[in-house]
């Protein structure tokens, strides 16, 4: 899925049609209403989630929804209005895995420019082994590094986050990892 150029066709304020022009005080094309002249900005969506760990294992969820039905992922999803990064990551972890956990530090920030998203994962420490997958998850399961179904991971951001996680775990210290995925 690529970001659709000129995706806004109608004004969110008055319903008028839009044209893409560079406003006088800007440096790129924006959807501008031909009736009320409202300028509409298109910004990336935030995806938030966790890397829930229990000892040397991480919790993965098998997707029960598209895209990538049946593939494995970390518990994550789109951040909602009115919540912090941490609140969104916690909500998604509970919704997808039903896990009980302690939220730790921000671990990866991955810009996925091609689809207009920024994925942010927090490390999390599982408090018990009681999982209750929600409707978006077929199965929630713990994996050691050598058990990860690498060829069945749903997203590159999940792969990169897991690679960083296990590399940092071997080093005995966790850092913040920021990068872009084209």
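The table below lists the values:
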quantity	calculated
Burial ranking of peptide ranges 10-23, 47-60, 108-121 (average Cβ count within 10 Å, highest at the top)	47-60, 108-121, 10-23
Whole-percent pair-distance distribution, where bins are 10 Å wide, for the alpha carbons of the range 92-182	14, 43, 39, 4
Calculated P(r) tail over 30 Å for the chain, as whole % of Cα pairs	29 percent
Ascending count of other beta-carbon atoms within 10 Å, so fewest first, for 38, 79	38, 79
Proxy reagent accessibility, fewest Cβ within 10 Å first, across 127, 85	127, 85
Exposure proxy order (Cβ contacts within 10 Å, fewest to most) of 66, 102, 160, 96	66, 102, 160, 96
Stretchable slack from residue 9 to residue 78, in nm (0.36 nm times residue separation minus alpha-carbon distance)	22.5 nm
Residue with peak Gaussian network fluctuation, the chain [Cα springs, cutoff 10 Å], from 136, 29, 145	29
Cα-based equivalent ellipsoid, the range 1-105: semi-axes from gyration tensor eigenvalues, Å	39, 15, 12
Helix-only CD estimate at 222 nm, as mean residue ellipticity for the chain, using -39500 (n - 2.57) per DSSP H run (n ≥ 4)	-5000 deg cm²/dmol
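Throughout, read-outs are computed from the coordinates displayed, never taken from laboratory work. What you see is a predicted model; the values in this text were computed from it and never measured. Cβ atoms come from the backbone with ideal geometry, glycine included; neighbour counts cover every protein chain shown.
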